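Novice: Handing you a structure now.
The values are calculated or read from the model by the stated rules, or taken from the named source; none is laboratory data. Source: prediction; values computed, not measured. Note: ideal-geometry Cβ built from the backbone for every residue, glycine included; neighbour counts use all protein chains shown.
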Amino acid sequence: MFTIYIVEDDKAMRDELLLLLQRNGYLTKSSTNFANIVTDVLAATPDLLLLDLTLPTIDGQLVCEQIRKLSSMPIIVVTSRDDNMNELLALNHGADDFIAKPYDPQILLAHIAAALRRAYAERLEAPLVCNNVSLDLLRSEVSFNGKCAQLTKNELRILALLIKNNGRIVSRANLQNDLWQSDEFIDDNTLTVNVNRLRTTLASIGVSDDFLLTRRGLGYMVQGDDKQ
């Protein structure tokens, strides 16, 4: 599962991008304060950056240049400054792609997917594995001892985060905040329902009940390979 950082000062546009990406299976991060945006982006360690050029405290071209000096993450400029000079400058400053506003959401998603494939080919091909439970992120499919099941978007997000932290507790708050960052209110029961659905899916392919554990008052965890 990939995390995309959005640097966009227009709230309506930022919210639109956040919702689009979340609905298509990405984790998202963004900022509303751009005074230290280069430091903020690097500290968040995203997999890809969507960058507007027109920002209130710093020019996006400079942001692109500074981030490229310190990180190899894909950078896609998404801007209304769609003249040839700005596109040339962005590419020369290290951007991987340039998308003009207004954009077609499906075209933007295709450019994001292509950039991620180029940058993380090995990561995309390798499933997440824990105690013989294998999670294919591209197919949204979980398998165990030769049996497979399709996962919903929420099941995929939850299981991916738990396997990445195998043997460690992931708090309910972290699951809610990291997986469902949006304007929608996600109540506590919604998480419980989704975890229970995931347990049912895992049980349908023979995964034992003690694979996904509830740590009462703390959160959830999956048993790491060294916990058998």
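Novice: Filter the stretch 84-112 for residues that are closer than 20 Å to Lys69 by Cβ and under 23 Å from the mean Cα position of the chain (by Cα) and give the result.
Specialist: Answer for the stretch 84-112, where residues must be closer than 20 Å to Lys69 by Cβ and under 23 Å from the mean Cα position of the chain (by Cα): Gly94, Ala95, Asp96, Asp97, Phe98.
Novice: Within the stretch 1-22, restricting attention to residues that are surrounded by fewer than 16 Cβ atoms within 10 Å (Cβ to Cβ) and without any contact (Cβ under 8 Å) to a residue 24 or more places away in the chain, which residue is nearest to the chain's Cα centre (by Cα)?
Specialist: My answer is Glu16.
Novice: Could you say whether any residue in the stretch 10-27 is among the aromatic types (Phe, Trp, Tyr) and farther than 17 Å from Val77 by Cα?
Specialist: Yes, the stretch 10-27 has at least one match.
Novice: Another question, then. Tally up the residues in the stretch 28-44 that are in contact (Cβ under 8 Å) with a residue 24 or more places away in the chain and assigned to a loop (DSSP other than H, G, I, E, B), please.
Specialist: 2
Novice: Got a sec? Which of Tyr5, Tyr103 is touching a Ser or Thr at 6+ places or on another chain (Cβ under 8 Å) and not in a helix (DSSP H, G or I)?
Specialist: The match here is Tyr5.
Novice: Can you find a residue in the stretch 138-159 that is farther than 23 Å from Asp209 by Cβ, touching a residue at least 60 places away in the same chain (Cβ under 8 Å), within 14 Å of the chain's Cα centre (by Cα) and not in a helix (DSSP H, G or I)?
Specialist: No, that holds for no residue.
Novice: Can you tell me which residues in the stretch 177-194 are closer than 18 Å to Arg215 by Cβ and modelled with pLDDT under 80?
Specialist: Residues satisfying the conditions are Asn177, Asp178, Leu179, Asp188.
Novice: Would you check if Leu48 is under 15 Å from the mean Cα position of the chain (by Cα) and of a type in the set (A, V, I, L, M)?
Specialist: It is true that Leu48 is under 15 Å from the mean Cα position of the chain (by Cα) and of a type in the set (A, V, I, L, M).
Novice: A further question follows. Return yes or no: is Met73 assigned by TED's automatic domain parsing to the domain that holds Leu50, touching a helix residue (DSSP H, G or I) at 6+ places or on another chain (Cβ under 8 Å) and within 23 Å of Leu53 (Cα to Cα)?
Specialist: When the stated conditions are applied, Met73 passes them.
Novice: Counting only residues that are touching a residue at least 12 places away in the same chain (Cβ under 8 Å) and among the polar types (S, T, N, Q), which one in the stretch 193-213 is surrounded by the most Cβ atoms within 10 Å (Cβ to Cβ)?
Specialist: Going through the qualifying residues, I end up with Asn194.
Novice: While we're here: Given the condition under 16 Å from the mean Cα position of the chain (by Cα), modelled with pLDDT of 90 or more and under 24 Å from Gly217 (Cβ atoms), answer yes or no: does some residue in the stretch 162-176 qualify?
Specialist: Yes, because at least one residue in the stretch 162-176 is under 16 Å from the mean Cα position of the chain (by Cα), modelled with pLDDT of 90 or more and under 24 Å from Gly217 (Cβ atoms).
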